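Here's the structure we're looking at; comments come further down.
The values are calculated or read from the model by the stated rules, or taken from the named source; none is laboratory data. Just so you know, these numbers come straight off a predicted model, no measurement behind them. All Cβ positions, even for glycine, are placed from backbone atoms using ideal geometry, and neighbour counts span all protein chains on display. All accessible areas refer to the heavy atoms of the entire protein, side chains included, with ligands and DNA or RNA removed. Shrake-Rupley method; radii C 1.70, N 1.55, O 1.52, S 1.80 Å.
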Amino acid sequence: MNVNEETRAAVVEAQWIDRRRVWADSLERRGPTVPCLGTLAVLETAHADPLLRQLYPYTSHGHVHFSSTTRFPYEVAVPFVIPLPDGRFRVMRRDPSGQIGEVATAGEAVALVVAHVPPRLRLAATGLPMEA
């Protein structure tokens, strides 16, 4: 592993730790709300996946996204997960066809994300998309 790979890995892992801590703290403050439970479940499950763990996770409105860059604007080539109020999970992509599926568990949602990862996905690189 060279210095750039070590830097990338450290930045990405720090973000995984931060996102999981933020949502765990939110859960502790607010109590077991369905959106907090769902977001934290997706983050924990996705972190356990070797491929997704190499991407930069970020959350927006409780939705869990994965980027191949570590700074905004994020480069998002894989689907994202929306925890739903009924405890289910919707997996979406950013194109006109949108929804990939709706599933019962965070594990199923993460599996759908992984199944729709592009074949030549770049792993998270530090910096902006044009610098990566």
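So here's what we get for this one:
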| read-out | value |
| --- | --- |
| Hits in the stretch 23-50 (condition: over 19 Å from Pro85 (Cβ atoms), modelled with pLDDT under 90 and either open to solvent by less than 50 Å² (accessible area, probe 1.4 Å) or under 12 Å from the mean Cα position of the chain (by Cα) (or both)) | Ala24 |
| Extreme residue, modelled with the lowest pLDDT, among residues of the stretch 64-99 that are among the hydroxyl-bearing types (Ser, Thr, Tyr) and either part of a strand (DSSP E or B) or crowded, with 16+ Cβ neighbours inside 10 Å (or both) | Tyr74 |
| Output for the stretch 51-63, where each listed residue is within 12 Å of the chain's Cα centre (by Cα) and open to solvent by 60 Å² or more (accessible area, probe 1.4 Å) | Arg53, Gln54 |
